[in-house]
Amino acid sequence: MASQPIENAVVGGSVDAPEPSLTDVGKPRAEDAMRTLSSGMNLSLDGYIAAPGDDLGWSVPSDELFEWWSDRVAATGLALYGRKLWATMSAHWPTADQQPGATAAQIAFARRWRAMPKVVFSATTSAIDWNARLVTADAVTEISRLKTEEGGPAAAGWRRRRCASSR
């Protein structure tokens, strides 16, 4: 029996399937794709997110950091918010681009933020707007379901006085 040349061998696929290139190695297949979930926040070295009285004034980002956050929002397919962070963001960003003295970066961020689909997890909030929907059910179950949907990466945000992971 003659052996089949390596270039014509079929291993784990069909003859009609395109051969993967070196750039495809390690990439997930479409049928295995799952939305990624990341989290990001500003916090002090000792783990604080807000000063007493929930003051966030200390954390106003530099222009460079603000641009980084804006680029992150532009690349996010779905934002996940808790009640407090939603209250903070929705009180400012829906109209931030219309405020006197708004910078070009703030205008871009506000527009990106409004356009980005959002999910708010809360048992006490009842009114949600700005391209968002409210989830009052179990967050873990809903996030697991959302990760199986198609779409760009999901980003989770929350606001607490002190980051739980720093305790």
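Placing dummy labels 7 Å off each Cα toward the beta-carbon, the span from H92 to A115 is 2.2 nm. Remark on A156: its backbone amide H falls under 5 Å from those of S38, S39, G40, L80, a criterion applied only to residues 5 or more positions apart or on other chains, H modelled at 1.01 Å from N.
Bear in mind these aren't lab numbers, they're just calculated from the coordinates by the rules spelled out. The structure displayed is predicted, hence computed values, not measured ones. We place every Cβ from the backbone using ideal geometry, glycine too, and count neighbours over all the protein chains shown.
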